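Down below is the structure, laid out as C-alpha cells.
The values are calculated or read from the model by the stated rules, or taken from the named source; none is laboratory data. What you are looking at is a predicted structure, and each value in this text was computed from that prediction instead of being measured. Cβ: placed from backbone, ideal geometry, glycine included. Neighbour counts: every protein chain shown. The accessibility values were calculated without ligands, DNA or RNA, using every heavy atom of the protein model including side chains. Shrake-Rupley method; radii C 1.70, N 1.55, O 1.52, S 1.80 Å.
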There are 2 protein chains.
Amino acid sequence: MVRQSAIKTMLLGSALLVMSSQTVLAEKMVTPAPNGIQIPKDYKNWQMIAVSHRTDNQTLRVILGNPIAVKAAKNGNTKPWPDGAILAKIVWKDTDHLLWQAATVPGALIHAEFMMKDSKKFATTEGWGFSRWSGMEQKPYGKDAAFAFECLNCHQPAKANDYVFTRSAQLP
Amino acid sequence: MVRQSAIKTMLLGSALLVMSSQTVLAEKMVTPAPNGIQIPKDYKNWQMIAVSHRTDNQTLRVILGNPIAVKAAKNGNTKPWPDGAILAKIVWKDTDHLLWQAATVPGALIHAEFMMKDSKKFATTEGWGFSRWSGMEQKPYGKDAAFAFECLNCHQPAKANDYVFTRSAQLP
C-alpha cells in the first residue's frame, strides 16, 4: 500500500509538473504585437473601470485597468494618465441572452486591446503604446509597427481626454 | 524649526486620523438589507465575470464575483454554485458616449445587487441570499425580508442554471 501510494504521489507530481510547464508555455506563446509590445500577463485579474456597448459593430466591452490605472481613474488623475498606467479593453460580439429576451451578453471574443502609458517610450504616439490581440487564438493585430498610428488616429476624438474614450463608471 | 516641524507632523497625523475615521465610518454606514444581509465590503475590487446590456430598461451592467465565485465560474462549477460564492451586479443607466455617436456607456448608478450562496442559511430561497442597494446613497431595497422572494421569482427563468442568468464571458 505504501509503495502504491508513493507511486501515485510521484505520478501526480509529474502530472502537475507537466500541467504547470504547459501553463507557463501557453502564457509565453502569445506573439508580441508588431511594435514589440507583449500582452500583459495578468490583465484578466485587473479591476473594472467601465463597460460600453457599441451599436455600429454590435459589441459589448469591459474596460479593465492595472493598479496604476485604477488608482489614477479613482483620483481623477487622467489628464494626462500617469506613466505605467495600462488600460485593457475586452470586446465581445453582442449576443442575445437565451433566458431574457431584451438582454444581450458577451458572445464570441473579438479581441483584447491595450493602451500602455509611457510618455518617453511612446512619444511618437502621444505617449501611448497600443496593442491588440484578436480572438481566442490571440493573433497580434497589424502588419508592422505603423499599425499604432491607425489606433491613435481613431482615438483623436478623445484628444482632450489624453486620447482615452473611457470614463470611470460611477460607483458609491 | 524643529518645533514647527513637530507641530506640522502632529497636525498631519490628526488630519490622517480624521480621514481614516471618516472612511471607516462611511463603510459602516451602509444599512443592511431587510433580510439582514450586509453589503460585501470589497466588492468593487472583485474580478469581472461578464457584462450585459438590457434594452427593456436601458441599462448597462457588469457582473463581478468574489474569489470563490470567480474560481467556480472558471472551472464551470456552477450547477450548483458552491457555498460562499457571491455575485455582484452593478447596474448603470445606459447613456450616450459624447465622443462616439454609436456607443453607450455607464451613466448614473442605478443599483448594486448581490446573490450570496449558502445552501443552508438561505434554503427558503433556493440557497441564495439576495440583496440590493439603490443609487449612490446605497438605500437598501425591499420593505421587509420577503423582498427576496420577489428576487427569486424574477430569477425563475434561470432555474436550470442554479437561478443565475450570468454566464462567464469568453476569455483566452
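Assorted remarks:
- Cα centroid separation, the stretch B:45-65 to the stretch A:46-90: 15 Å.
- The A-B contact accounts for roughly 3800 square angstrom of buried accessible surface, both chains included, probe 1.4 angstrom.
- 5 angstrom amide H check on A:ALA50, placed H, neighbours 5+ away: A:ILE63, A:ALA169
- Across the alpha-carbon atoms of the stretch B:75-172, the computed radius of gyration and Dmax are 15.8, 49 angstrom.
- Here the calculated FRET efficiency for B:GLN38 and A:GLU126, from their Cβ-Cβ distance with R0 = 56 Å, stands at 0.80, rounded to the nearest 0.05.
- Nm distances between copies for B:GLY36, ranked from closest, using label points 7 Å along Cα→Cβ: 6.1
- Annotation note: GluC sites (Glu not before Pro) in the stretch A:86-172 located in DSSP loop regions with a Cβ neighbour count of at most 10 within 10 Å are A:GLU137.
- Under 5 Å between amide hydrogens, built in the peptide plane, is the criterion, and for A:ALA85 it picks out A:LYS117 among residues at least 5 positions away or on other chains.
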